[in-house]
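The values are calculated or read from the model by the stated rules, or taken from the named source; none is laboratory data. Please read all numbers here as calculations on a predicted model, not as lab measurements. Glycine gets a Cβ as well: all are built from the backbone with ideal geometry, and neighbour counts include every protein chain shown.
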Amino acid sequence: KMSESNYLCFMDDDDSWAPEYVSRLLSVLANIQSTYSSVNAIACHTNKVAEIAENNRIIINSTQPWNHYLNAGPVSFDVIYYRNSIPLSSCLFDKNSVIDMIESHKLSSPAFFWPFFIHYLAENDVWILPEALAFYHFRENDDFEFGN
């Protein structure tokens, strides 16, 4: 609440963004909000990154589209009904649309985003930007202490 920022992102510790992620999402969100006042967040396409941790190094095995089937425009509940189509790290929120709502969700829970996002969509629109600017990392080996 004390932050002077107007926007908020949640970053999973093993996910990553393209260098232009923040500037691109901010620019598009500002444009969209000038036309659609109910849009208070934006999410971009995401690539799934399959990787292993070996000898204190991360080795990327493959990168593939995660949610590139999502079209530009507002997200519908149907999109998230069956699958985690929108990773936490792909979203940027208008801070005012989140700040009161977030207090009713447990941020420290590994499953925080799912109930929060459903609650958020019930009160706000989220716009999809069909550009792959976020990377959803999955560790393929489970012997690493910080794996998914």
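One residue is enough: does the range 15-38 have a residue meeting the conditions more than 24 Å from ASP125 (Cβ to Cβ), among the hydroxyl-bearing types (Ser, Thr, Tyr) and at pLDDT below 95? No, the range 15-38 has no match at all. Applying the criterion of being among the aliphatic types (A, V, I, L, M) and part of a loop (DSSP other than H, G, I, E, B) to the residues of the range 90-116, the residue that is farthest from the chain's Cα centre (by Cα) is ILE99. The residue of the range 124-140 that is surrounded by the fewest Cβ atoms within 10 Å (Cβ to Cβ), among those that are within 18 Å of GLY73 (Cβ to Cβ) and among the charged types (D, E, K, R), is GLU131. Quick one: which of THR46, THR63 is within 15 Å of LEU25 (Cβ to Cβ), among the hydroxyl-bearing types (Ser, Thr, Tyr), in contact (Cβ under 8 Å) with a residue 12 or more places away in the chain and part of a strand (DSSP E or B)? After ruling out the rest, the residue left standing is THR46. For GLY147, the stated conditions hold: it is surrounded by 13 or more Cβ atoms within 10 Å (Cβ to Cβ), among the small types (Gly, Ala, Ser) and modelled with pLDDT under 90.
Considering the range 43-52, and only residues there that are modelled with pLDDT of 95 or more and among the aliphatic types (A, V, I, L, M), the residue that is nearest to the chain's Cα centre (by Cα) turns out to be ALA43.
Here SER27 fulfils each of the conditions (1) part of a strand (DSSP E or B); (2) surrounded by fewer than 16 Cβ atoms within 10 Å (Cβ to Cβ) apart from (1). Please enumerate the residues belonging to the range 8-24 that are in a helix (DSSP H, G or I) and among the hydroxyl-bearing types (Ser, Thr, Tyr). Residues satisfying the conditions are TYR21, SER23. Among the residues making up the range 68-89, those that are surrounded by 13 or more Cβ atoms within 10 Å (Cβ to Cβ) and outside any loop (DSSP other than H, G, I, E, B) are GLY73, PRO74, VAL79, ILE80, LEU88, SER89.
Inside the range 8-21, residues that are closer than 14 Å to LEU88 by Cα and surrounded by 14 or more Cβ atoms within 10 Å (Cβ to Cβ) make up a count of 9. In the range 19-35, the residues that are aromatic (Phe, Trp, Tyr) form Cβ pairs under 7 Å with partners that are crowded, with 17+ Cβ neighbours inside 10 Å, at six or more places apart or across chains, as follows: TYR21/LEU133; TYR21/ALA134.
Does the range 33-42 include one or more residues that are closer than 22 Å to SER5 by Cα and either basic (Lys, Arg) or within 13 Å of the chain's Cα centre (by Cα) (or both)? Checking the range 33-42: at least one residue is closer than 22 Å to SER5 by Cα and either basic (Lys, Arg) or within 13 Å of the chain's Cα centre (by Cα) (or both).
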